[in-house]
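Student: The structure that follows is given in the form of structure tokens.
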Amino acid sequence: MMQTVLSSTLDSLNTSVRNNWTLAEVETLFALPFNDLMFQAQTIHRQHFNANEVQVSTLLSIKTGACPEDCKYCSQSARNKTNLEKERLLEVEKVLEAAQKAKAMGSTRFCMGAAWRNPKARDMPVVLDMIKGVKALGLESCMTLGMLDEDQAQQLQDAGLDYYNHNLDTSPEHYNQIITTRTYQDRLDTLDHVRTAGMKVCSGGIVGLGESAVDRASLLVQLANLPKQPESVPINMLVKVEGTPLADVDDLESFDFIRCIAVARIMMPESHVRLSAGRSAMNEQMQALCFLAGANSIFYGCKLLTAENPETDKDTQLFKKLGINTETIIDDSTEQDKDLKTSLVNEQHKELFYDAAH
Ligand code: SF4
């Protein structure tokens, strides 16, 4: 009987984008036998993406620490007693130097993060110059600066910002256990301003915050049922930082994390699902299972804001072992562009990655 129910769930899986997921449906996906779930996720992944391609971004903290918000997991909150070294907003030239390096290492997107509740009027001209500089280098640009009002979102869009990152963090039900200085609705409002201004949305969450399995399903329901699904969905594994209230929370079982990636892939088939914070604690085999589950984006480089990220060289070696190429930024809307993209990716695999690993 159980087998019949599961088979019919598998058969009825719709591979197109839907914004009407119910919690019960998502719980059913989480309850599938691991192999069935992975097979479904990989099947859907292949319908929408090149299964051996991963998009690579670099993330730079442009303003570190002393954040007034009270996110219980975060080393940058002024309320948490961590040993983080604070830094003022970086100068534009320094940011552009880092962007140039990121490009040379194979990143296609440069993400800039500031530990703010929201950007102040005096910060806006500086961040707008950063965006213009990064765009002039031929990179995609992404920022995460906290909450935005409509006008700020429009200014970022006008400067050419491609993506804005603003995570929902966890389920609405678990949210108050994690942060009290901004509401879930504040977050949804910022995402709405980003969309209205015309930018792409990067929004995901963190698992391992002491949430329940239902919370993880509920977070994914929130993300998938946004009026338009985020183009990029980071799924972070909590990096426990001493001095934060979540320093001693129980570890999340690795398979639960992989299941989250797979369910996110099934629910958001056209989004890049990003294997994000927490990757340095994952061995190569676990990362490979995450790619099999449909993760197709990573952060590259040694620092992920203030949490550790595997050394770039280790990533290139893992990609080599798995035969993974990195995505290039080419509009592949025509057959000719598709061919060009394929040949560039092949070249890149031969030259950039194989040489970089030496
Ligand atoms: S997660 Fe962001 S908003 Fe929250 S404390 Fe850290 S830097 Fe501030």
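Student: Keeping to the stretch 100-126, report how many residues are more than 15 Å from the ligand (Cβ to nearest atom) and under 26 Å from Tyr300 (Cβ atoms).
Tutor: Result for the stretch 100-126: 12.
Student: Inspect the stretch 49-62 for any residue being farther than 26 Å from Ser271 by Cβ and either small (Gly, Ala, Ser) or outside any helix (DSSP H, G or I) (or both) and give the result as yes or no.
Tutor: Looking for residues that are farther than 26 Å from Ser271 by Cβ and either small (Gly, Ala, Ser) or outside any helix (DSSP H, G or I) (or both), one finds none in the stretch 49-62, hence no.
Student: Is one or more of the residues making up the stretch 174-185 charged (D, E, K, R) and either within 17 Å of the chain's Cα centre (by Cα) or surrounded by fewer than 17 Cβ atoms within 10 Å (Cβ to Cβ) (or both)?
Tutor: Looking through the stretch 174-185, none of the residues is charged (D, E, K, R) and either within 17 Å of the chain's Cα centre (by Cα) or surrounded by fewer than 17 Cβ atoms within 10 Å (Cβ to Cβ) (or both).
Student: Is the stretch 56-73 home to any residue that is at pLDDT below 85 and of a type in the set (Ser, Thr, Tyr)?
Tutor: Yes: the stretch 56-73 contains one or more residues that are at pLDDT below 85 and of a type in the set (Ser, Thr, Tyr).
Student: A further question follows. Quick one: in the stretch 168-193, which of the residues that are under 12 Å from Gln222 (Cα atoms) and outside any helix (DSSP H, G or I) is farthest from the ligand (Cβ to nearest atom)?
Tutor: Glu173
Student: Now a separate question. Tell me which residues, restricted to the stretch 83-111, are surrounded by fewer than 21 Cβ atoms within 10 Å (Cβ to Cβ) and either in a helix (DSSP H, G or I) or touching an Asp or Glu at 6+ places or on another chain (Cβ under 7 Å) (or both).
Tutor: If the condition is that a residue be surrounded by fewer than 21 Cβ atoms within 10 Å (Cβ to Cβ) and either in a helix (DSSP H, G or I) or touching an Asp or Glu at 6+ places or on another chain (Cβ under 7 Å) (or both), then Leu89, Val92, Glu93, Lys94, Leu96, Glu97, Ala98, Gln100, Lys101, Lys103, Ala104, Thr108 are the ones that fit.
Student: Next question. Mind listing just one residue for me: the one in the stretch 127-157 that is within 16 Å of the ligand (Cβ to nearest atom) and touching a strand residue (DSSP E or B) at 6+ places or on another chain (Cβ under 8 Å) and, of those, nearest to Arg79 (Cα to Cα)?
Tutor: Gly146
Student: Next question, about the same structure. Would you mind finding the one in Val233, Val249 that is over 25 Å from Leu84 (Cβ atoms), among the hydrophobic types (A, V, I, L, M, F, W, C) and not in a helix (DSSP H, G or I)?
Tutor: Within the list Val233, Val249, the selection yields Val233.
Student: From the residues in the stretch 189-237 that are among the charged types (D, E, K, R) and surrounded by 24 or more Cβ atoms within 10 Å (Cβ to Cβ), which one is nearest to the chain's Cα centre (by Cα)?
Tutor: Arg216
Student: May I ask you to list the residues in the stretch 118-164 that are basic (Lys, Arg) and either outside any loop (DSSP other than H, G, I, E, B) or touching an Asp or Glu at 6+ places or on another chain (Cβ under 9 Å) (or both)?
Tutor: Correct list: Lys132, Lys135.
The values are calculated or read from the model by the stated rules, or taken from the named source; none is laboratory data. Please read all numbers here as calculations on a predicted model, not as lab measurements. No Cβ is skipped: glycine too gets one built from the backbone with ideal geometry, and neighbour counts run over all protein chains shown.
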